[in-house]
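Peer 1: The structure under discussion is supplied below as structure tokens; questions concerning it will follow.
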Amino acid sequence: MSKKTTSTESPVPALKVHQWLESWNSVNFDPKQGQGRPPVNHFLIFSLKATSLKALTGVYRRSTGGAKARALDPNVQRGHEEDRSTTIREFVRHGFPWCEMGEAKREAAGADDLRKPGWLPTAILINILLPGEERNGNKIPENDLVHIEEQGSGALVHLPKTFHGPAWEPNKVFPFEVIDGQHRLWAFEDFDDDTFELPVVAFQGLSPGWQAYLFWSVNITPKKINRSLAFDLYPLLRQQTWLDKFSGHSIYRDTRCQELVEALWSFQTSVWYQRINMLGETKDKREYKGPSVTQAAWIRSLGHTFVKTWDERSDRIGGLFGSAPSEHTPVIPWNRPMQAAFLIFAGQAIQEAVKASHSKWALFLRDIGDTNLNRGDDPAFYGSYSLLSTDQGIRGILYVMNDLCLIQSSFLQLADWSWESIAKQPNRKSAAATDEEVVTIALKSLTKEPVVDFLTAIARQLATYDWRTSSTPELTDAERLKQAVFRGSSGYKELRMQLLDHLAEAKGLVGKAAISVKHKLGLR
């Protein structure tokens with residue numbers, strides 16, 4: 001990649017940092033998974049004017065628009081938070097704590113002593129696009145390319161031929177794309193100083209999967225971040241083998257949970273279709289404005305219920321999709337599309353039961369009104385004051401559906417429902433939970449299984465439970481106090497216990513199953 005350009009800017013000198021171990025040659029580099037082998041075994045380090053770097057860099061943000069499958073969204077960055085970039089801009093100009101001070105405090109006597117330098121010594125992490133690469137359907141043209149001229153242990157970074165400073169815009173595609181540091185870059189939008197430089201670590205030709213991996217390594221592994229965004233990157237991070245392992249590091253279970261959550265969010269027949277907050281966005285940035293449990297909360301709940309690994313030393317009841325204590329295989333040998341179909345049907349059964357319910361709590365929620373719902377939504381199921389649209393409520397129904405079905409798995413012949421019994425398509429057995437065609441086949445088959453009547457009976461009994469939240473308007477003090485026990489982390493256990501008590505009052509198999517679960521858990 002040695003070419004000379006006619007850019008008005010001088011070439012930028014860079015250091016080459018060689019980082020490649022012999023053992024890395026055995027890594028499964030798979031372009032189909034967005035993790036092809038990098039074209040060079042080093043990255044570059046250089047400095048560049050912040051305003052120039054901002055002009056040269058494209059920020060492609062992750063979005064849930066159009067319900068695109070998460071593995072088909074190649075973008076790494078989260079949404080831009082203007083307040084955060086504004087704070088960084090103020091920090092650069094005045095340092096800390098001045099950047100967080102209001103005007104009144106800044107005008108106070110002695111406030112000038114609080115001004116400090118606003119150093120940003122941490123490098124912006126970018127990827128340099130190579131000739132022929134595409135982004136969002138556009139191939140980068142020659143005039144937009146950055147060329148690297150190798151020079152022994154160093155290199156020269158030649159900026160695009162047409163580059164002329166901070167006001168420059170690409171013809172079609174930005175030559176740089178930010179992997180980490182977008183908010184620092186946005187802090188220099190229309191910045192009034194053209195001398196401030198930023199350190200840059202630049203990779204070349206990195207595929208989206210490796211960019212997601214780098215973002216993960218920098219942000220998620222060492223420190224806390226928006227967990228829903230982290231989980232939303234799993235489809236870019238995972239290799240197929242990740243999905244077939246059930247033991248060991250929790251990332252395998254998390255990956256399985258993430259895929260199931262994506263299925264619940266992306267399938268139009270799911271009652272949670274586009275109603276899961278996949279990116280952990282605030283309400284004003286979400287397309288769906290009603291109550292929306294985050295992807296991270298869903299993943300945690302599935303990990304505590306259906307995808308819980310069996311460990312007899314710590315828990316008497318594991319997950320229906322979990323692995324056995326001694327043999328790391330699922331207790332019920334369903335593939336991923338079958339698991340997704342089971343969860344989708346369970347959700348449908350509860351929604352239908354609640355919709356048909358004339359219980360006092362349901363009528364109450366329908367009467368008080370809820371302006372945050374889509375037209376036709378039942379406030380008793382989707383409303384702001386229904387526990388069924390909260391983290392605690394989701395965990396509660398997943399708990400009892402898992403517990404009761406598992407305790408009756410032999411009677412319900414759950415193991416007899418196999419992929420071989422569904423369709424003569426052995427090559428589709430390992431399909432993903434997001435494979436719409438395969439999940440549709442599994443759903444159709446499930447409706448003929450004995451467990452359907454059982455799930456429907458559980459749902460009908462659950463619909464008679466009081467699902468109002470403690471924040472519901474017009475509750476009596478006694479009612480508000482009763483519902484307040486579900487708030488906080490202790491609310492998960494309390495709701496599980498109360499739901500089991502409520503289900504134990506049902507007649508027939510549901511009541512017997514709930515009593516058996518309580519006995520297994522050591523409850524009266």
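Every number here is computed from the coordinates shown, using simple stated rules; none is lab data. All values derive from a computational prediction rather than experimental measurement. Cβ: placed from backbone, ideal geometry, glycine included. Neighbour counts: every protein chain shown.
Peer 1: Arrange the following residues from fewest to most other Cβ atoms within 10 Å of their Cβ: GLU494, GLU505.
Peer 2: Details: GLU494 15, GLU505 12.
In increasing order of surrounding Cβ atoms, one gets GLU505, GLU494.
Peer 1: Sort VAL17, VAL200 by Cβ crowding within 10 Å, fewest neighbours at the top.
Peer 2: VAL17, VAL200
Peer 1: How long is the gain from SER421 to ASP194 if the chain were fully straight, where each residue apart is worth 0.36 nm and the alpha carbon distance is subtracted?
Peer 2: Roughly 74.9 nm would be gained on extension.
Peer 1: Further, regarding this structure: Taking other Cβ within 10 Å of each residue's Cβ, how do TRP272, TRP20, TRP98 sort, fewest first?
Peer 2: Values: TRP272 22, TRP20 11, TRP98 19.
Arranged by neighbour count, lowest to highest, TRP272, TRP20, TRP98 become TRP20, TRP98, TRP272.
Peer 1: Counting only other residues whose beta carbon sits under 11 Å from that of VAL485, what net charge do I get with K and R as +1, D and E as -1?
Peer 2: +3
Peer 1: What are the residues whose amide H is under 5 Å from the amide H of ARG468, where those residues sit 5 or more places off or on another chain and H is modelled from the backbone?
Peer 2: Hits under the 5 Å cutoff: LEU387.
Peer 1: Take every Cα-Cα distance within region 400-524, group them into 5 Å bins from 0 onward, and report for each bin the whole-number percent of pairs it holds.
Peer 2: Distribution as computed: 2, 9, 16, 16, 14, 13, 12, 10, 5, 2, 1, 0 percent.
Peer 1: Summing +1 for each Lys or Arg and -1 for each Asp or Glu, what net charge is found among the other residues whose Cβ lies under 13 Å from the Cβ of VAL40?
Peer 2: +1
Peer 1: Still on this model: Within the set of other residues whose C-beta is less than 12 Å from the C-beta of GLN268, count the net charge using Lys and Arg as +1 and Asp and Glu as -1. Provide the component values of the computation, followed by the final result.
Peer 2: Working: positive: ARG275; negative: GLU436.
Net charge around GLN268: 0.
Peer 1: Quick check: residue separation of LYS512 and SER217 times 0.36 nm, minus the Cα distance between them. What number comes out in nm?
Peer 2: Length difference between fully extended and current span is 101.4 nm.
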